[in-house]
Amino acid sequence: TYRRLARVTETSELEDLRVELQDRFGSPPQEAMALLEKIILKVLCKQLGIQRLEIGSQNIVFTFSEKTRVTPEKITSLVQKEPRLYRLTPDYALHARIVSDGANDLMGATKKVLQALT
């Protein structure tokens, strides 16, 4: 199962695996759900060409690869719409300021930013 999790390349594969695990073992514990959420973030980052993702307590940093699928216009638009929440640094990293109450909020906020970049 861990090998299958490591090989996931699409979020739909992960959802299928989650359903299979739930059928086999019942409702997964929070730790297992957190692992699945992290893998979703990994898959989304890979699909978008984000080479590094750093999640801090109130800040998320997305570092784009040279071959990113995210257009400069998309990033610029996001920063211009919400300049208090987003900033782009010269090293082509997008910083997102997040106000959160815990790990679940950070994961959800990270996912929202990734979806906004698609």
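The values are calculated or read from the model by the stated rules, or taken from the named source; none is laboratory data. Values in this document were obtained by computation on a predicted structure and should not be read as measured data. No Cβ is skipped: glycine too gets one built from the backbone with ideal geometry, and neighbour counts run over all protein chains shown.
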message: Please determine whether any residue of the stretch 81-89 is more than 17 Å from residue 109 (Cβ to Cβ) and either of a type in the set (Lys, Arg) or surrounded by 13 or more Cβ atoms within 10 Å (Cβ to Cβ) (or both).
response: yes
message: Please go through (1) surrounded by 12 or more Cβ atoms within 10 Å (Cβ to Cβ); (2) touching a helix residue (DSSP H, G or I) at 6+ places or on another chain (Cβ under 9 Å) for residue 46 and return the number of the only condition it doesn't satisfy.
response: (2)
- line: Filtering the stretch 56-80 for residues that are under 12 Å from residue 110 (Cα atoms), surrounded by fewer than 18 Cβ atoms within 10 Å (Cβ to Cβ) and hydrophobic (A, V, I, L, M, F, W, C) leaves a count of 1
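Could we say that residue 76 is in a loop (DSSP other than H, G, I, E, B) and free of Cβ contacts under 8 Å to residues at least 24 places away in the same chain here? Show your work before the answer.
Working: in a loop (DSSP other than H, G, I, E, B): no; free of Cβ contacts under 8 Å to residues at least 24 places away in the same chain: yes.
No.
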message: Please pick out the residue among 73, 31, 37 that is acidic (Asp, Glu) and in contact with a helix residue (DSSP H, G or I) (Cβ under 6 Å, 6 or more places away or on another chain).
response: 37
query: Looking at the stretch 47-62, which of its residues are over 21 Å from residue 11 (Cβ atoms) and touching a residue at least 12 places away in the same chain (Cβ under 8 Å)?
result: 57, 58, 59, 61
- prompt: Are any residues in the stretch 90-118 of a type outside the set (Gly, Ala, Ser), surrounded by 16 or more Cβ atoms within 10 Å (Cβ to Cβ) and either in a helix (DSSP H, G or I) or at pLDDT 95 or above (or both), and if so, which ones?
  reply: 94, 95, 106, 107, 110, 113, 114
